[in-house]
Amino acid sequence: MLLECDSIVLERALPWRDTSPMSAILPIPLSGLAASVRRVDAAASNIANAQSAGTPSSAGGASATAAYQPVDVVQSPAAGGGTVAAYRPVAPATRPSYEPDSPVADADGMVAEPNVDVSAQMTDILTARRSYEANLKVIEAAGRMQDEALRIVV
């Protein structure tokens with residue numbers, strides 16, 4: 001499964017962006033939630049495909065099998081607050097591995113293995129989980145503040 005390289009921008013998709021001062025904070029943690037999900041998706045895809053192999057680029061040929069292209073997630077600030085998360089292909093995409101029994105091995109028994117560090121990907125998943133939880137707490141706190149403000153007004 002290959003992930004497309006695009007980005008998430010939530011600030012235009014939220015109808016309440018300009019309607020309530022209390023709700024104005026929501027696009028920021030919502031974009032953080034979306035970025036966390038994107039980071040987990042990328043790491044899960046990388047882990048699932050870490051053992052797939054392809055034909056080394058030096059072997060080429062019409063019957064060449066491409067190895068999985070691992071991806072990273074790059075986050076950058078969004079205009080108006082929040083974050084934009086985008087997939088970025090990992091470079092180099094593969095590393096050579098000796099697997100002479102593989103059907104995609106070249107004459108020297110080498111295959112192109114995806115450049116995936118599974119332990120780093122697991123760390124990314126755990127970090128994304130904590131980020132998701134923190135952004136969810138911000139949303140919950142904003143909801144409590146809005147409830148309290150309505151209680152005072154009524």
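Every number here is computed from the coordinates shown, using simple stated rules; none is lab data. None of these values were measured; they are calculated from a predicted model. All Cβ positions, even for glycine, are placed from backbone atoms using ideal geometry, and neighbour counts span all protein chains on display.
For a quick check: with amide H placed at 1.01 Å from N, whose amide H comes under 5 Å from D72's, ignoring anything fewer than 5 positions away on the same chain?
When sequence neighbours closer than 5 places are left aside, the close amide H contacts are R88, V90.
Within a 10 angstrom radius of the beta carbon, how do V104, V153, V138 rank from fewest other beta carbons to most? Mind dumping the intermediate values first?
Numbers: V104 19, V153 6, V138 16.
Ordered by Cβ neighbours within 10 Å, fewest first: V153, V138, V104.
What residues qualify as long-range amide H neighbours of T83, i.e. H under 5 Å apart, gap of 5 or more or another chain, H built at 1.01 Å from N?
Residues meeting the amide H criterion: S31, G32, A78.
With +1 assigned to the C-beta of every Lys and Arg and -1 to the C-beta of every Asp and Glu, and no other charges, what is the dipole magnitude of segment 24-103 about the Cα centre in debye, to the nearest 20?
260 debye
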